[in-house]
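What follows is one structure encoded as structure tokens, with my remarks underneath.
The values are calculated or read from the model by the stated rules, or taken from the named source; none is laboratory data. As the structure is a prediction and not an experimental result, all values here were calculated from the model. Heads up, the Cβs are rebuilt from the backbone with ideal geometry, glycines too, and the neighbour counts pull from every protein chain shown. Just so you know, the surface numbers come from the protein's heavy atoms only, side chains and all, with ligands and any DNA or RNA stripped out. Shrake-Rupley method; radii C 1.70, N 1.55, O 1.52, S 1.80 Å.
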Amino acid sequence: TGGTISGTARFLKEQNPNIRILGVDAFGSVLKKYHETKEFDNDEIYPYRIEGLGKNLIPSATDFDVIDKFMKVTDEESAHVTREIARKEGLFVGYTSGAVLQAIRQYAAEGEFDENSNVIAIFPDHGSRYMSKVFSDEWMNDQGFFDSVNAEEVQKIEFIK
């Protein structure tokens with residue numbers, strides 16, 4: 001992922017130096033703080049559930065100089081957004097992709113975009129790896145991700161003959 005964002009950023013900034021590259025990081029990962037301070041902070045590290053996002057080390061494939069900003073996202077919000085993308089857009093994406101859309105929403109809420117902004121997202125994974133996790137109501141419930149706002153999505157199984 002560090003190589004993907006770095007290579008894409010480098011290419012796009014060669015085409016237009018005004019393009020902003022916005023990264024996504026998980027709470028429990030060191031990337032956002034390292035990007036801001038250039039210091040590795042071991043106290044930033046704690047367990048998180050989003051696979052493929054964030055690190056507990058500084059990856060050598062990541063060129064932090066071409067990334068303008070990082071946004072941290074939560075496990076729970078990212079999980080619900082992953083399911084929402086499948087339900088509303090018909091895209092079977094993975095947990096990290098849900099984190100990307102959640103970060104875009106948070107960037108928008110902070111005023112990062114205006115009516116003239118073109119926002120391009122890279123959805124880096126597919127949903128098949130997450131059938132027993134994010135797309136499982138049982139797993140979501142076990143993680144404590146269902147509450148009165150985000151209720152379990154029980155649907156009757158339909159048998160087609």
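I'm checking my understanding of the structure. Among residues of segment 76-120 that are basic (Lys, Arg) and surrounded by fewer than 17 Cβ atoms within 10 Å (Cβ to Cβ), which one is nearest to Leu22 (Cα to Cα)?
Filtering segment 76-120 down to residues basic (Lys, Arg) leaves 83, 87-88, 105.
If we keep only those that are surrounded by fewer than 17 Cβ atoms within 10 Å (Cβ to Cβ) too, we end up with 87-88, 105.
On the way: Arg87: 26, Lys88: 24, Arg105: 12 Å.
Once the filter is applied, the top-ranked residue is Arg105.
Considering only residues that are crowded, with 17+ Cβ neighbours inside 10 Å, under 16 Å from the mean Cα position of the chain (by Cα) and modelled with pLDDT of 95 or more, look in segment 33-73 and name the one that is farthest from Met131 (Cα to Cα).
Ile67
Which of the residues that make up segment 67-98 are of a type in the set (Gly, Ala, Ser) and in a helix (DSSP H, G or I)?
Start the filter on segment 67-98 by keeping residues that are of a type in the set (Gly, Ala, Ser), which leaves 78-79, 86, 90, 94, 97-98.
Correct list: Ser78, Ala79, Ala86, Ser97, Gly98.
Residue by residue, here is whether (1) in contact with a strand residue (DSSP E or B) (Cβ under 9 Å, 6 or more places away or on another chain); (2) within 20 Å of Gln106 (Cα to Cα) holds:
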{"site": "Gly3", "(1), (2)": "no, no"}
{"site": "Ser6", "(1), (2)": "no, no"}
{"site": "Leu12", "(1), (2)": "no, no"}
{"site": "Asn16", "(1), (2)": "no, no"}
{"site": "Arg20", "(1), (2)": "yes, yes"}
{"site": "Lys33", "(1), (2)": "yes, yes"}
{"site": "Glu39", "(1), (2)": "no, no"}
{"site": "Lys55", "(1), (2)": "yes, no"}
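Looking only at segment 121-138, how many residues end up being part of a helix (DSSP H, G or I) and open to solvent by less than 40 Å² (accessible area, probe 1.4 Å)? Working first, answer last.
Initially, segment 121-138 is screened for residues part of a helix (DSSP H, G or I), giving 127-130, 137-138.
Subsequent filtering for residues that are open to solvent by less than 40 Å² (accessible area, probe 1.4 Å) retains 127, 130, 137.
Number of matching residues: 3.
Val149 is checked against (1) among the aliphatic types (A, V, I, L, M); (2) at pLDDT below 95; (3) part of a helix (DSSP H, G or I) and fails just one. What number does that condition carry?
The number of the failed condition is (3).
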